[in-house]
Amino acid sequence: MQTSTGDVQVYFRHSQIKFMADGQEAELTVYEGPNGFFLPFVDSLAGKETYPAGRYLEPEVLPGGRFMVDFNVAYNPYCAYNDHWSCPLTPFENRLKVAIRAGEKLFDTEH
């Protein structure tokens, strides 16, 4: 994956998850990297209510080859707060047309 600083980090496509959001079926790719499973995503609120480059999740592995994905714990990457961090950019296949109204939102830098 390309990163916010122009580097490349290696992740492998592991599986896809399907779910309903805002009454629409959605699909995301789960990646596997050196630190485990990784789920970067961008939703339709990006740049308005959520960080424009996307948010991250670490899905919990469940028995039977399944994952628990809790969007309530979605978080902004470190590069949202400091330009010196190198953060993986969300791949095109993980850009949703629906809103995920859970997890960390944009922060107010004025206060």
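The values are calculated or read from the model by the stated rules, or taken from the named source; none is laboratory data. Here the structure is a predicted model, which means the values were calculated and not measured. Methodologically, a virtual Cβ is constructed for each residue, glycine included, from the backbone with ideal geometry; neighbour enumeration extends over all protein chains shown. Heads up: the accessible areas ignore ligands, DNA and RNA and are worked out on the full protein's heavy atoms, side chains in. Shrake-Rupley method; radii C 1.70, N 1.55, O 1.52, S 1.80 Å.
List of remarks:
- Residue within region 53-63 that is among the aliphatic types (A, V, I, L, M), surrounded by 13 or more Cβ atoms within 10 Å (Cβ to Cβ) and at pLDDT 95 or above present: yes
- Test: Val98 is open to solvent by 70 Å² or more (accessible area, probe 1.4 Å) and of a type outside the set (S, T, N, Q): no
- Extreme residue, surrounded by the most Cβ atoms within 10 Å (Cβ to Cβ), among residues of region 15-52 that are aromatic (Phe, Trp, Tyr) and out of contact with any Asp or Glu (no Cβ under 9 Å at 6 or more places or on another chain): Phe41
- Where Asn72 falls short, out of the listed (1) assigned to a loop (DSSP other than H, G, I, E, B); (2) open to solvent by 20 Å² or more (accessible area, probe 1.4 Å); (3) farther than 19 Å from Arg13 by Cα: (1)
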